[in-house]
1. Of the numbered conditions (1) in contact (Cβ under 8 Å) with a residue 12 or more places away in the chain; (2) surrounded by fewer than 16 Cβ atoms within 10 Å (Cβ to Cβ), residue 325 satisfies every one except a single condition; which is it?
2. Looking at 60, 104, can you tell me which residue is crowded, with 22+ Cβ neighbours inside 10 Å, touching a helix residue (DSSP H, G or I) at 6+ places or on another chain (Cβ under 6 Å) and in contact (Cβ under 8 Å) with a residue 40 or more places away in the chain?
3. Among the residues of the stretch 220-249, write down those that are within 25 Å of the chain's Cα centre (by Cα), within 23 Å of residue 207 (Cα to Cα) and at pLDDT 75 or above.
4. Which one of 178, 182 is touching a helix residue (DSSP H, G or I) at 6+ places or on another chain (Cβ under 9 Å), surrounded by 13 or more Cβ atoms within 10 Å (Cβ to Cβ) and at pLDDT 80 or above?
5. Counting residues that are modelled with pLDDT of 85 or more, in the same structural domain as residue 116 (by TED's automatic domain parsing) and more than 23 Å from the chain's Cα centre (by Cα), which helices (runs of 4 or more DSSP H) fully inside the stretch 38-101 reach at least 3?
6. Quick one: is residue 441 assigned to a strand (DSSP E or B), modelled with pLDDT of 85 or more, closer than 19 Å to residue 340 by Cα and not assigned by TED's automatic domain parsing to the domain that holds residue 152?
7. Would you confirm whether or not the stretch 409-416 contains a residue that is buried (at least 17 other Cβ atoms within 10 Å of the Cβ), in the same structural domain as residue 484 (by TED's automatic domain parsing) and modelled with pLDDT under 80?
8. Working carefully through the options 209, 250, find the one that is surrounded by fewer than 12 Cβ atoms within 10 Å (Cβ to Cβ), in contact with a strand residue (DSSP E or B) (Cβ under 9 Å, 6 or more places away or on another chain) and closer than 30 Å to residue 149 by Cβ.
(Lines give C-alpha, C1' and ligand atoms only; values in the text may rest on other atoms or scores of the structure.)
Protein backbone atom coordinates (compact mmCIF):
# COMPACT_ATOMS: atom_id res chain seq x y z
CA UNK A 1 0.00 0.00 0.00
CA UNK A 2 1.29 3.50 -0.75
CA UNK A 3 2.73 5.59 2.05
CA UNK A 4 -0.31 7.43 3.43
CA UNK A 5 1.75 10.55 4.05
CA UNK A 6 3.15 10.88 0.53
CA UNK A 7 0.94 9.22 -2.06
CA UNK A 8 -1.34 11.26 -4.33
CA UNK A 9 -4.86 10.05 -3.47
CA UNK A 10 -6.75 11.81 -6.33
CA UNK A 11 -4.22 10.55 -8.89
CA UNK A 12 -4.64 6.96 -7.69
CA UNK A 13 -8.44 7.24 -7.72
CA UNK A 14 -8.40 8.76 -11.21
CA UNK A 15 -6.28 5.84 -12.38
CA UNK A 16 -8.58 3.21 -10.89
CA UNK A 17 -11.85 4.89 -11.91
CA UNK A 18 -11.43 4.16 -15.59
CA UNK A 19 -10.63 0.47 -15.16
CA UNK A 20 -13.23 -0.20 -12.47
CA UNK A 21 -15.92 1.84 -14.19
CA UNK A 22 -15.52 -0.29 -17.33
CA UNK A 23 -16.02 -3.45 -15.28
CA UNK A 24 -19.05 -2.16 -13.39
CA UNK A 25 -20.83 -1.49 -16.68
CA UNK A 26 -20.87 -5.22 -17.46
CA UNK A 27 -21.68 -6.85 -14.11
CA UNK A 28 -24.86 -7.15 -12.07
CA UNK A 29 -23.19 -7.06 -8.65
CA UNK A 30 -20.18 -4.97 -7.66
CA UNK A 31 -18.46 -8.01 -6.12
CA UNK A 32 -18.31 -9.61 -9.58
CA UNK A 33 -15.73 -7.05 -10.71
CA UNK A 34 -12.28 -8.64 -10.78
CA UNK A 35 -10.23 -6.47 -8.45
CA UNK A 36 -7.18 -7.41 -6.39
CA UNK A 37 -7.72 -7.28 -2.64
CA UNK A 38 -4.71 -5.07 -1.98
CA UNK A 39 -5.92 -2.60 -4.62
CA UNK A 40 -9.24 -2.28 -2.79
CA UNK A 41 -7.32 -1.46 0.39
CA UNK A 42 -5.28 1.21 -1.39
CA UNK A 43 -8.42 2.72 -2.94
CA UNK A 44 -10.23 2.83 0.42
CA UNK A 45 -7.23 4.56 1.98
CA UNK A 46 -7.17 7.05 -0.91
CA UNK A 47 -10.91 7.70 -0.53
CA UNK A 48 -10.39 8.50 3.14
CA UNK A 49 -7.64 10.96 2.26
CA UNK A 50 -9.67 12.55 -0.53
CA UNK A 51 -12.78 12.77 1.67
CA UNK A 52 -10.93 14.88 4.22
CA UNK A 53 -10.06 17.29 1.39
CA UNK A 54 -13.22 17.46 -0.75
CA UNK A 55 -16.08 15.75 1.14
CA UNK A 56 -18.63 13.11 0.15
CA UNK A 57 -20.32 14.97 -2.70
CA UNK A 58 -17.25 15.19 -4.92
CA UNK A 59 -16.29 11.60 -4.09
CA UNK A 60 -19.70 10.40 -5.27
CA UNK A 61 -19.60 12.35 -8.54
CA UNK A 62 -15.90 12.15 -9.45
CA UNK A 63 -15.04 8.57 -8.40
CA UNK A 64 -18.29 6.54 -8.25
CA UNK A 65 -16.61 3.28 -9.31
CA UNK A 66 -13.97 3.63 -6.58
CA UNK A 67 -16.69 4.30 -3.99
CA UNK A 68 -18.74 1.28 -5.07
CA UNK A 69 -15.87 -1.21 -5.38
CA UNK A 70 -14.14 -0.13 -2.16
CA UNK A 71 -17.25 -0.21 0.05
CA UNK A 72 -18.45 -3.55 -1.33
CA UNK A 73 -14.92 -5.00 -1.28
CA UNK A 74 -14.30 -4.12 2.35
CA UNK A 75 -17.73 -5.48 3.31
CA UNK A 76 -17.04 -8.77 1.49
CA UNK A 77 -13.91 -9.39 3.61
CA UNK A 78 -15.81 -9.54 6.90
CA UNK A 79 -18.55 -11.59 8.49
CA UNK A 80 -21.91 -10.32 7.20
CA UNK A 81 -23.33 -10.47 10.73
CA UNK A 82 -20.65 -8.15 12.17
CA UNK A 83 -21.06 -4.33 12.20
CA UNK A 84 -19.81 -2.98 8.88
CA UNK A 85 -18.98 0.67 9.49
CA UNK A 86 -16.15 0.09 12.02
CA UNK A 87 -14.40 -1.98 9.32
CA UNK A 88 -14.86 0.89 6.86
CA UNK A 89 -13.55 3.49 9.30
CA UNK A 90 -10.44 1.34 9.79
CA UNK A 91 -9.96 1.01 6.03
CA UNK A 92 -10.19 4.78 5.34
CA UNK A 93 -8.40 5.79 8.57
CA UNK A 94 -11.19 8.18 9.44
CA UNK A 95 -14.53 8.07 11.22
CA UNK A 96 -17.18 9.58 8.95
CA UNK A 97 -20.94 9.70 8.52
CA UNK A 98 -22.62 6.36 7.66
CA UNK A 99 -25.53 8.17 6.03
CA UNK A 100 -23.26 10.21 3.75
CA UNK A 101 -21.11 7.26 2.75
CA UNK A 102 -24.30 5.23 2.20
CA UNK A 103 -25.68 7.98 -0.04
CA UNK A 104 -22.42 8.03 -2.00
CA UNK A 105 -22.68 4.26 -2.54
CA UNK A 106 -26.31 4.48 -3.74
CA UNK A 107 -25.31 7.28 -6.12
CA UNK A 108 -22.52 5.10 -7.51
CA UNK A 109 -25.00 2.26 -8.16
CA UNK A 110 -27.26 4.65 -10.07
CA UNK A 111 -24.33 5.84 -12.20
CA UNK A 112 -23.66 2.30 -13.42
CA UNK A 113 -27.27 1.15 -13.57
CA UNK A 114 -26.82 -1.43 -10.81
CA UNK A 115 -29.70 -2.61 -8.60
CA UNK A 116 -30.09 -0.76 -5.30
CA UNK A 117 -32.14 -1.13 -2.13
CA UNK A 118 -33.52 1.94 -0.39
CA UNK A 119 -31.40 0.99 2.62
CA UNK A 120 -27.75 1.75 1.80
CA UNK A 121 -26.39 -0.82 4.23
CA UNK A 122 -28.49 -3.57 2.66
CA UNK A 123 -27.31 -2.47 -0.78
CA UNK A 124 -23.70 -2.72 0.36
CA UNK A 125 -24.35 -6.23 1.75
CA UNK A 126 -26.05 -7.27 -1.48
CA UNK A 127 -23.24 -6.03 -3.70
CA UNK A 128 -20.67 -7.61 -1.35
CA UNK A 129 -22.25 -10.97 -2.17
CA UNK A 130 -24.34 -11.39 0.98
CA UNK A 131 -27.66 -10.28 -0.49
CA UNK A 132 -29.31 -13.68 -0.81
CA UNK A 133 -27.36 -15.61 1.78
CA UNK A 134 -27.58 -12.87 4.41
CA UNK A 135 -31.32 -13.17 4.46
CA UNK A 136 -30.94 -16.70 5.65
CA UNK A 137 -29.80 -19.05 2.88
CA UNK A 138 -33.10 -19.00 1.04
CA UNK A 139 -34.94 -18.51 4.28
CA UNK A 140 -33.57 -21.56 6.05
CA UNK A 141 -30.91 -20.59 8.57
CA UNK A 142 -27.45 -18.96 8.45
CA UNK A 143 -25.47 -18.63 5.18
CA UNK A 144 -23.28 -21.39 3.81
CA UNK A 145 -19.70 -20.96 2.65
CA UNK A 146 -17.39 -23.34 0.82
CA UNK A 147 -13.69 -23.95 1.29
CA UNK A 148 -12.92 -26.18 -1.72
CA UNK A 149 -9.48 -27.15 -0.42
CA UNK A 150 -10.12 -29.25 2.64
CA UNK A 151 -12.65 -27.67 4.99
CA UNK A 152 -15.72 -28.33 2.84
CA UNK A 153 -19.02 -26.55 3.42
CA UNK A 154 -19.34 -24.43 6.55
CA UNK A 155 -22.52 -23.18 8.19
CA UNK A 156 -22.12 -20.46 10.84
CA UNK A 157 -18.44 -21.41 11.13
CA UNK A 158 -19.12 -25.13 11.72
CA UNK A 159 -18.85 -28.02 9.23
CA UNK A 160 -22.13 -28.73 7.47
CA UNK A 161 -23.32 -32.34 7.71
CA UNK A 162 -24.16 -34.12 4.47
CA UNK A 163 -27.72 -33.32 3.31
CA UNK A 164 -30.25 -36.11 3.77
CA UNK A 165 -31.73 -35.47 0.32
CA UNK A 166 -30.01 -35.50 -3.05
CA UNK A 167 -29.50 -31.89 -4.05
CA UNK A 168 -27.25 -29.54 -5.99
CA UNK A 169 -25.30 -26.91 -4.08
CA UNK A 170 -23.60 -24.12 -6.03
CA UNK A 171 -20.92 -21.73 -4.75
CA UNK A 172 -19.08 -18.75 -6.22
CA UNK A 173 -15.31 -18.87 -6.69
CA UNK A 174 -14.84 -17.02 -3.38
CA UNK A 175 -17.01 -19.56 -1.48
CA UNK A 176 -20.33 -17.66 -1.34
CA UNK A 177 -23.43 -19.85 -1.59
CA UNK A 178 -25.51 -19.21 -4.73
CA UNK A 179 -28.98 -20.62 -4.06
CA UNK A 180 -30.76 -18.66 -6.80
CA UNK A 181 -29.60 -17.09 -10.07
CA UNK A 182 -26.09 -18.12 -11.14
CA UNK A 183 -23.35 -15.99 -12.77
CA UNK A 184 -22.09 -16.76 -16.30
CA UNK A 185 -18.63 -17.69 -15.03
CA UNK A 186 -16.84 -20.54 -13.16
CA UNK A 187 -18.62 -21.89 -10.04
CA UNK A 188 -18.09 -24.73 -7.58
CA UNK A 189 -20.79 -27.42 -7.43
CA UNK A 190 -21.44 -30.15 -4.85
CA UNK A 191 -23.71 -33.03 -5.89
CA UNK A 192 -24.23 -36.79 -5.45
CA UNK A 193 -21.83 -38.73 -7.68
CA UNK A 194 -24.64 -40.86 -9.11
CA UNK A 195 -26.53 -37.78 -10.37
CA UNK A 196 -24.61 -35.86 -13.01
CA UNK A 197 -25.28 -32.14 -13.49
CA UNK A 198 -26.88 -31.12 -16.77
CA UNK A 199 -27.18 -27.87 -18.74
CA UNK A 200 -28.32 -26.66 -22.14
CA UNK A 201 -24.70 -26.90 -23.37
CA UNK A 202 -21.89 -29.39 -22.61
CA UNK A 203 -20.32 -28.53 -19.26
CA UNK A 204 -16.57 -28.11 -18.95
CA UNK A 205 -14.96 -29.24 -15.68
CA UNK A 206 -12.11 -26.94 -14.64
CA UNK A 207 -11.02 -28.66 -11.41
CA UNK A 208 -12.05 -31.25 -8.84
CA UNK A 209 -11.35 -31.35 -5.11
CA UNK A 210 -12.07 -33.50 -2.08
CA UNK A 211 -14.85 -33.15 0.46
CA UNK A 212 -14.21 -33.90 4.16
CA UNK A 213 -15.17 -37.08 5.98
CA UNK A 214 -18.89 -37.72 6.04
CA UNK A 215 -19.42 -36.67 2.43
CA UNK A 216 -18.69 -40.04 0.85
CA UNK A 217 -20.59 -40.48 -2.41
CA UNK A 218 -20.60 -36.75 -3.16
CA UNK A 219 -18.50 -34.82 -5.69
CA UNK A 220 -16.95 -31.34 -5.51
CA UNK A 221 -16.01 -29.82 -8.87
CA UNK A 222 -15.52 -26.45 -10.51
CA UNK A 223 -17.35 -25.95 -13.82
CA UNK A 224 -17.63 -23.09 -16.30
CA UNK A 225 -21.11 -21.63 -16.86
CA UNK A 226 -19.88 -19.08 -19.38
CA UNK A 227 -22.10 -20.42 -22.20
CA UNK A 228 -24.92 -22.04 -20.20
CA UNK A 229 -28.47 -20.75 -19.74
CA UNK A 230 -29.35 -23.11 -16.86
CA UNK A 231 -27.86 -25.78 -14.58
CA UNK A 232 -29.60 -28.70 -12.84
CA UNK A 233 -29.19 -32.24 -11.62
CA UNK A 234 -30.74 -34.84 -13.88
CA UNK A 235 -34.53 -34.42 -13.66
CA UNK A 236 -34.08 -31.82 -10.91
CA UNK A 237 -35.08 -28.14 -10.69
CA UNK A 238 -33.15 -25.74 -12.88
CA UNK A 239 -30.90 -22.94 -11.65
CA UNK A 240 -31.06 -20.08 -14.15
CA UNK A 241 -27.76 -18.60 -15.33
CA UNK A 242 -27.91 -14.82 -15.52
CA UNK A 243 -28.56 -13.76 -19.10
CA UNK A 244 -26.05 -11.66 -20.93
CA UNK A 245 -28.29 -8.85 -22.07
CA UNK A 246 -25.34 -6.60 -22.81
CA UNK A 247 -22.71 -6.94 -25.53
CA UNK A 248 -19.39 -8.32 -24.38
CA UNK A 249 -15.95 -9.13 -25.69
CA UNK A 250 -15.08 -12.83 -25.55
CA UNK A 251 -11.46 -12.39 -24.54
CA UNK A 252 -8.82 -15.07 -24.14
CA UNK A 253 -6.78 -15.35 -20.96
CA UNK A 254 -4.49 -12.32 -20.37
CA UNK A 255 -0.74 -12.73 -20.75
CA UNK A 256 0.45 -13.62 -17.22
CA UNK A 257 2.76 -11.14 -15.54
CA UNK A 258 2.18 -8.43 -18.15
CA UNK A 259 0.15 -5.23 -17.72
CA UNK A 260 -0.14 -1.65 -18.89
CA UNK A 261 1.33 1.05 -16.63
CA UNK A 262 -2.15 1.65 -15.20
CA UNK A 263 -2.54 -2.04 -14.34
CA UNK A 264 -4.83 -3.21 -17.18
CA UNK A 265 -4.44 -6.76 -18.47
CA UNK A 266 -2.87 -7.41 -21.88
CA UNK A 267 -4.21 -9.96 -24.39
CA UNK A 268 -2.08 -11.82 -26.92
CA UNK A 269 -4.96 -12.20 -29.38
CA UNK A 270 -7.89 -9.88 -30.13
CA UNK A 271 -11.27 -10.81 -28.65
CA UNK A 272 -14.46 -11.46 -30.60
CA UNK A 273 -17.63 -9.47 -29.97
CA UNK A 274 -20.83 -11.11 -28.72
CA UNK A 275 -24.06 -9.20 -29.32
CA UNK A 276 -27.60 -9.89 -28.08
CA UNK A 277 -30.36 -10.02 -30.66
CA UNK A 278 -31.11 -6.64 -32.17
CA UNK A 279 -29.83 -3.99 -34.55
CA UNK A 280 -26.43 -2.86 -33.28
CA UNK A 281 -23.92 -0.36 -34.64
CA UNK A 282 -20.31 -1.10 -33.63
CA UNK A 283 -17.28 1.19 -33.60
CA UNK A 284 -13.66 0.70 -32.57
CA UNK A 285 -11.58 3.58 -31.25
CA UNK A 286 -7.91 3.58 -30.33
CA UNK A 287 -7.67 5.03 -26.82
CA UNK A 288 -6.45 8.62 -26.80
CA UNK A 289 -7.30 9.37 -30.43
CA UNK A 290 -11.03 10.26 -30.08
CA UNK A 291 -11.53 8.93 -33.60
CA UNK A 292 -13.90 5.96 -33.68
CA UNK A 293 -14.30 4.02 -36.92
CA UNK A 294 -17.13 1.67 -37.91
CA UNK A 295 -16.49 -2.04 -37.47
CA UNK A 296 -18.03 -5.29 -38.65
CA UNK A 297 -19.30 -7.23 -35.58
CA UNK A 298 -18.44 -10.50 -37.33
CA UNK A 299 -14.83 -9.39 -37.90
CA UNK A 300 -14.28 -6.63 -35.39
CA UNK A 301 -10.64 -5.88 -36.19
CA UNK A 302 -10.64 -6.28 -39.97
CA UNK A 303 -10.08 -2.57 -40.72
CA UNK A 304 -7.11 -2.12 -38.39
CA UNK A 305 -3.43 -2.76 -39.25
CA UNK A 306 -2.07 -6.03 -37.89
CA UNK A 307 -0.61 -7.09 -35.58
CA UNK A 308 -2.77 -5.11 -33.17
CA UNK A 309 -0.97 -3.10 -30.51
CA UNK A 310 -2.60 -0.71 -28.07
CA UNK A 311 -5.70 -0.06 -26.00
CA UNK A 312 -8.99 -0.05 -27.90
CA UNK A 313 -12.51 1.06 -26.98
CA UNK A 314 -15.28 -1.01 -28.57
CA UNK A 315 -18.72 0.64 -28.54
CA UNK A 316 -21.95 -1.14 -29.46
CA UNK A 317 -25.04 1.03 -29.82
CA UNK A 318 -28.72 0.35 -30.61
CA UNK A 319 -30.86 2.68 -32.76
CA UNK A 320 -32.56 3.81 -29.55
CA UNK A 321 -29.28 5.14 -28.22
CA UNK A 322 -28.46 2.39 -25.69
CA UNK A 323 -24.67 1.97 -25.75
CA UNK A 324 -22.19 -0.41 -24.18
CA UNK A 325 -18.45 0.20 -24.13
CA UNK A 326 -15.66 -2.29 -23.55
CA UNK A 327 -11.96 -1.45 -23.25
CA UNK A 328 -9.28 -3.98 -24.12
CA UNK A 329 -5.49 -3.88 -24.50
CA UNK A 330 -3.91 -6.13 -27.13
CA UNK A 331 -0.31 -6.98 -28.01
CA UNK A 332 -1.12 -9.44 -30.77
CA UNK A 333 1.26 -12.35 -31.07
CA UNK A 334 3.30 -11.52 -27.98
CA UNK A 335 4.42 -14.49 -25.87
CA UNK A 336 6.34 -14.42 -22.59
CA UNK A 337 8.41 -17.19 -21.01
CA UNK A 338 9.37 -17.09 -17.32
CA UNK A 339 12.13 -19.14 -15.73
CA UNK A 340 11.22 -20.18 -13.12
CA UNK A 341 7.48 -20.15 -13.94
CA UNK A 342 6.74 -18.82 -10.43
CA UNK A 343 9.24 -16.96 -8.27
CA UNK A 344 9.35 -18.39 -4.76
CA UNK A 345 11.08 -16.78 -1.79
CA UNK A 346 14.77 -17.18 -1.25
CA UNK A 347 16.84 -15.68 1.55
CA UNK A 348 17.22 -12.31 -0.16
CA UNK A 349 13.70 -11.85 -1.49
CA UNK A 350 12.38 -13.61 -4.58
CA UNK A 351 14.22 -16.17 -6.65
CA UNK A 352 16.10 -14.51 -9.54
CA UNK A 353 14.10 -14.76 -12.76
CA UNK A 354 14.88 -14.78 -16.48
CA UNK A 355 12.18 -13.52 -18.85
CA UNK A 356 12.23 -13.88 -22.62
CA UNK A 357 9.81 -12.56 -25.23
CA UNK A 358 8.71 -13.91 -28.59
CA UNK A 359 6.61 -11.99 -31.11
CA UNK A 360 4.99 -12.50 -34.48
CA UNK A 361 6.39 -10.66 -37.53
CA UNK A 362 5.53 -7.00 -37.39
CA UNK A 363 5.76 -6.70 -33.60
CA UNK A 364 9.05 -5.65 -32.00
CA UNK A 365 9.84 -5.98 -28.29
CA UNK A 366 12.71 -4.12 -26.60
CA UNK A 367 14.54 -5.58 -24.76
CA UNK A 368 13.94 -9.16 -25.88
CA UNK A 369 14.98 -10.60 -22.52
CA UNK A 370 15.14 -9.45 -18.90
CA UNK A 371 16.99 -10.73 -15.83
CA UNK A 372 15.38 -9.99 -12.46
CA UNK A 373 17.47 -9.95 -9.30
CA UNK A 374 16.05 -11.05 -5.95
CA UNK A 375 15.12 -7.47 -5.10
CA UNK A 376 13.48 -6.58 -8.44
CA UNK A 377 9.74 -7.05 -8.94
CA UNK A 378 8.89 -4.84 -11.94
CA UNK A 379 10.61 -3.96 -15.20
CA UNK A 380 9.39 -2.22 -18.36
CA UNK A 381 9.49 -3.20 -22.01
CA UNK A 382 8.57 -1.26 -25.15
CA UNK A 383 6.49 -2.78 -27.96
CA UNK A 384 6.29 -1.32 -31.49
CA UNK A 385 3.91 -2.36 -34.28
CA UNK A 386 2.39 -0.55 -37.27
CA UNK A 387 3.80 2.77 -36.10
CA UNK A 388 2.31 2.37 -32.60
CA UNK A 389 4.50 2.39 -29.49
CA UNK A 390 3.33 1.00 -26.13
CA UNK A 391 5.16 0.55 -22.83
CA UNK A 392 4.26 -2.46 -20.74
CA UNK A 393 5.13 -3.49 -17.19
CA UNK A 394 6.54 -6.98 -16.58
CA UNK A 395 6.09 -8.60 -13.17
CA UNK A 396 6.97 -12.33 -13.29
CA UNK A 397 4.45 -14.43 -11.35
CA UNK A 398 5.64 -14.62 -7.75
CA UNK A 399 4.59 -15.72 -4.30
CA UNK A 400 3.77 -13.30 -1.50
CA UNK A 401 2.72 -13.30 2.14
CA UNK A 402 0.33 -10.93 3.84
CA UNK A 403 0.47 -9.65 7.38
CA UNK A 404 -2.17 -7.22 8.55
CA UNK A 405 -3.00 -4.97 5.60
CA UNK A 406 0.28 -5.39 3.70
CA UNK A 407 1.58 -7.93 1.18
CA UNK A 408 5.30 -8.80 1.27
CA UNK A 409 7.51 -10.25 -1.47
CA UNK A 410 10.39 -11.41 0.71
CA UNK A 411 10.73 -13.54 3.85
CA UNK A 412 9.84 -11.68 7.02
CA UNK A 413 12.27 -11.02 9.85
CA UNK A 414 10.31 -11.25 13.10
CA UNK A 415 10.59 -11.56 16.85
CA UNK A 416 8.10 -13.52 18.99
CA UNK A 417 6.56 -10.19 20.03
CA UNK A 418 6.03 -9.28 16.36
CA UNK A 419 4.48 -12.69 15.67
CA UNK A 420 2.04 -12.18 18.53
CA UNK A 421 1.15 -8.69 17.30
CA UNK A 422 0.55 -9.84 13.71
CA UNK A 423 -1.78 -12.64 14.79
CA UNK A 424 -2.31 -14.17 11.35
CA UNK A 425 -0.52 -14.66 8.05
CA UNK A 426 -1.88 -15.30 4.55
CA UNK A 427 0.05 -17.08 1.80
CA UNK A 428 -0.39 -16.75 -1.97
CA UNK A 429 1.56 -18.87 -4.48
CA UNK A 430 0.31 -18.69 -8.10
CA UNK A 431 -0.58 -22.09 -9.49
CA UNK A 432 -0.88 -23.76 -6.06
CA UNK A 433 -4.49 -23.96 -4.90
CA UNK A 434 -4.02 -26.36 -2.00
CA UNK A 435 -3.51 -24.92 1.46
CA UNK A 436 0.10 -25.76 2.27
CA UNK A 437 0.90 -26.36 5.95
CA UNK A 438 3.45 -24.03 7.54
CA UNK A 439 6.26 -25.78 9.39
CA UNK A 440 8.01 -24.31 12.41
CA UNK A 441 11.64 -25.39 12.13
CA UNK A 442 13.92 -25.11 15.16
CA UNK A 443 17.67 -24.77 14.75
CA UNK A 444 19.53 -24.84 11.48
CA UNK A 445 21.31 -21.67 10.55
CA UNK A 446 18.26 -19.45 10.16
CA UNK A 447 18.86 -17.46 7.01
CA UNK A 448 20.25 -19.68 4.30
CA UNK A 449 17.79 -22.47 5.05
CA UNK A 450 16.03 -22.35 1.67
CA UNK A 451 16.34 -25.36 -0.61
CA UNK A 452 19.07 -23.72 -2.70
CA UNK A 453 21.17 -23.12 0.37
CA UNK A 454 20.63 -26.63 1.68
CA UNK A 455 21.59 -28.22 -1.64
CA UNK A 456 24.77 -26.17 -1.84
CA UNK A 457 25.78 -27.18 1.65
CA UNK A 458 25.86 -23.59 2.89
CA UNK A 459 23.26 -24.18 5.55
CA UNK A 460 21.76 -26.86 7.66
CA UNK A 461 18.09 -27.40 8.25
CA UNK A 462 16.74 -27.91 11.71
CA UNK A 463 13.91 -30.06 13.00
CA UNK A 464 10.23 -29.47 12.30
CA UNK A 465 8.65 -28.99 15.74
CA UNK A 466 5.15 -27.81 14.79
CA UNK A 467 2.86 -27.74 11.77
CA UNK A 468 0.20 -25.06 11.32
CA UNK A 469 -2.77 -25.39 8.97
CA UNK A 470 -4.92 -22.42 7.89
CA UNK A 471 -8.45 -21.49 8.88
CA UNK A 472 -11.22 -22.05 6.33
CA UNK A 473 -10.71 -18.55 4.90
CA UNK A 474 -6.99 -19.11 4.36
CA UNK A 475 -5.42 -17.25 7.31
CA UNK A 476 -2.72 -19.06 9.30
CA UNK A 477 -3.12 -18.51 13.09
CA UNK A 478 0.40 -17.49 14.11
CA UNK A 479 -0.41 -17.19 17.79
CA UNK A 480 -0.57 -20.99 17.94
CA UNK A 481 3.22 -21.17 17.50
CA UNK A 482 4.26 -18.70 20.23
CA UNK A 483 5.07 -21.32 22.86
CA UNK A 484 6.96 -23.37 20.29
CA UNK A 485 8.95 -20.33 19.17
CA UNK A 486 9.93 -19.45 22.74
CA UNK A 487 11.18 -22.99 23.34
CA UNK A 488 13.03 -23.09 20.00
CA UNK A 489 14.74 -19.76 20.59
CA UNK A 490 15.82 -20.79 24.11
CA UNK A 491 17.25 -24.06 22.81
CA UNK A 492 18.66 -23.07 19.41
CA UNK A 493 18.68 -19.29 19.20
CA UNK A 494 16.57 -19.13 16.02
CA UNK A 495 13.57 -20.59 14.25
CA UNK A 496 12.14 -20.47 10.74
CA UNK A 497 8.62 -20.62 9.33
CA UNK A 498 8.62 -22.43 5.99
CA UNK A 499 6.47 -24.32 3.50
CA UNK A 500 7.22 -27.10 1.05
CA UNK A 501 6.08 -26.12 -2.45
CA UNK A 502 6.71 -29.14 -4.64
CA UNK A 503 10.42 -29.93 -4.36
CA UNK A 504 11.23 -26.53 -2.87
CA UNK A 505 11.64 -25.64 0.79
CA UNK A 506 10.54 -22.02 0.98
CA UNK A 507 11.26 -19.74 3.96
CA UNK A 508 8.41 -17.46 5.01
CA UNK A 509 9.86 -15.85 8.12
CA UNK A 510 13.09 -15.92 10.12
CA UNK A 511 12.48 -15.65 13.86
CA UNK A 512 15.12 -14.28 16.23
CA UNK A 513 14.90 -13.34 19.92
CA UNK A 514 15.30 -9.62 19.32
CA UNK A 515 17.09 -7.29 21.68
CA UNK A 516 16.87 -8.28 25.31
CA UNK A 517 16.45 -5.67 28.03
CA UNK A 518 19.58 -5.20 30.16
CA UNK A 519 19.12 -3.13 33.36
CA UNK A 520 21.36 -0.10 33.83
CA UNK A 521 23.33 -0.79 37.05
CA UNK A 522 23.56 2.95 37.75
CA UNK A 523 19.77 3.40 37.83
CA UNK A 524 17.05 2.12 40.13
CA UNK A 525 15.32 -0.62 38.15
CA UNK A 526 12.76 -1.71 40.73
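The values are calculated or read from the model by the stated rules, or taken from the named source; none is laboratory data. Computed from a prediction, not measured in an experiment: that's the story for all the values here. Note that each Cβ is placed from the backbone with ideal geometry, even for glycine, and that neighbours are counted across all protein chains shown.
1. (2)
2. Going through 60, 104 in turn, just one is crowded, with 22+ Cβ neighbours inside 10 Å, touching a helix residue (DSSP H, G or I) at 6+ places or on another chain (Cβ under 6 Å) and in contact (Cβ under 8 Å) with a residue 40 or more places away in the chain: 104.
3. Result: 220, 221, 222, 223, 224, 225, 226, 227, 228, 241.
4. None of the other options fit; the residue is 178.
5. Once the helices (runs of 4 or more DSSP H) in the stretch 38-101 are filtered for at least 3 residues that are modelled with pLDDT of 85 or more, in the same structural domain as residue 116 (by TED's automatic domain parsing) and more than 23 Å from the chain's Cα centre (by Cα), nothing remains.
6. no
7. Within the stretch 409-416 (the criterion being buried (at least 17 other Cβ atoms within 10 Å of the Cβ), in the same structural domain as residue 484 (by TED's automatic domain parsing) and modelled with pLDDT under 80), the answer is no, since none of the residues qualifies.
8. 250
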